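The values are calculated or read from the model by the stated rules, or taken from the named source; none is laboratory data. What you see is a predicted model, and the numbers here were worked out from it, not measured in a lab. All Cβ positions, glycine included, derive from the backbone under ideal geometry; neighbour counts span all protein chains shown. Side chains included, ligands, DNA and RNA excluded: accessible areas come from the protein's heavy atoms. Shrake-Rupley method; radii C 1.70, N 1.55, O 1.52, S 1.80 Å.
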Amino acid sequence: MATAHGEVETPAFMPVGTQGAVKAVTHRDLEDLGVQILLGNTYHLYLRPGDDLIARRGGLHTFIGWTKPILTDSGGYQVFSLAARRTIDEQGAHFRSHLDGSAHSLTPEKAVDIQAQLGSDIAMVLDECLAHPATADAVRASMQRTLRWACRARDRFLALRDRLVPGVVVSNPGQAQFGIVQGGVFPDLREESACQTVEIGFEAYAIGGLSVGEPTEVMYDVASRTTACLPEDRPRYLMGTGTPEDLVESVARGIDLFDCVLPTRNARNGQLFTSEGRINIKNARYAEDDRPADPHCGCYTCRTASRAYLRHLFAVNEINAATLNTLHNLHFYLDTLQRIRDAIAFGRFESFRLSFHQSLSRQPHDS
Ligand SMILES: [Zn+2]
């Protein structure tokens, strides 16, 4: 995948850098881990420090000191999940900041403008996020509104590209815009959404509204039915997914791009992803366990720290616990994607997929 800040080997995983940083680790750590592309959250950056301030510094890359590709979300997901007193109408989402109660509106156009000022390499359109489960009628109405919003977002994006919108700084003229397929767990709605989103015409396409509580098999089924409706020569991005098993299964169904807070958030809660399943470093059984978190892992944490030490750091609330656990979990995710890319390149993805699942199921996971 080619972007204004370089190429990304796919399938790829994007660590979540919510506030312009991945929690507990530095950009230097991310580069050492081989991170190719970072995700930034538009809602948070818009509220603090503000997209105007970031645009005056030349955009997000310059402001945070990251020279590789960045994808920004539309801000919609956080408005739907974090903001107070939100109302949604045809115009957009109206809400109060979770920080100071100030009133804001996020319209499809405004989401494009903010991301233009941030200057990410990939901007996402504003879509409506429905809670699962929802009735087919509610999902259809929401999916159709998302399509109308996608048309408005594309018009605005093209107007900005042609410098037709005064007052908005285009920090990255090479920015791409991705459309988002909605439609819940209903195959016919997903197909309709995919066809009409492709008809609007974006640089690439994402699948939204999954990983929201539906059974795993349903998510896999929707992903494979949706990728079948998307152009083969464009990356497909499955938003907000998932576990290491989900990544392998989604690649098998044609997905190229992932983001998820699981490796970083769970690291800060003491949960480590390993080649033999998940371990919870808080457990008493690790108090005198001198083995590394994952005996098959070559990351900095596994080369230098024992489970006993990691458990101690977590128990005393040492800030290093979050850093070391995050380094390991991100390494595990990025290494899994690297092994997937290698397996695809050598034509042995199916055997990789089988041995990956066998390895994970060999031992019971910690709770
Ligand atoms: Zn490790």
Of residues in the range 269-312 being assigned to a strand (DSSP E or B) and within 15 Å of the ligand (Cβ to nearest atom), the one farthest from Leu327 (Cα to Cα):
Gly277
So the strands (runs of 3 or more DSSP E) completely within the range 73-184 holding 3 or more residues that are open to solvent by 30 Å² or more (accessible area, probe 1.4 Å) and either among the β-branched types (Val, Ile, Thr) or at pLDDT 95 or above (or both) are 103-106
Output the qualifying pairs, or none if there are none: Cβ atoms under 6 angstrom, residues six or more apart or on different chains, first residue in the range 98-122 and under 17 Å from Leu164 (Cβ atoms), second residue among the acidic types (Asp, Glu) and at pLDDT 95 or above.
Gln117/Asp51
So is Gly50 under 12 Å from Leu118 (Cβ atoms) and free of Cβ contacts under 8 Å to residues at least 12 places away in the same chain or not?
yes
Just for helices (runs of 4 or more DSSP H) wholly inside the range 16-67: which have at least 3 residues that are within 18 Å of Ala83 (Cβ to Cβ)?
42-47
Failed item, numbered, when Leu330 is tested on (1) hydrophobic (A, V, I, L, M, F, W, C); (2) touching a residue at least 12 places away in the same chain (Cβ under 8 Å); (3) open to solvent by 10 Å² or more (accessible area, probe 1.4 Å):
(3)
Hey, among Ser81, Ser74, which residue is under 24 Å from Ala204 (Cβ atoms), of a type in the set (S, T, N, Q) and out of contact with any Lys or Arg (no Cβ under 9 Å at 6 or more places or on another chain)?
Ser74
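Does the range 73-86 include one or more residues that are under 25 Å from Val169 (Cα atoms) and in contact with a Cys (Cβ under 7 Å, 6 or more places away or on another chain)?
Looking for residues that are under 25 Å from Val169 (Cα atoms) and in contact with a Cys (Cβ under 7 Å, 6 or more places away or on another chain), one finds at least one in the range 73-86, hence yes.
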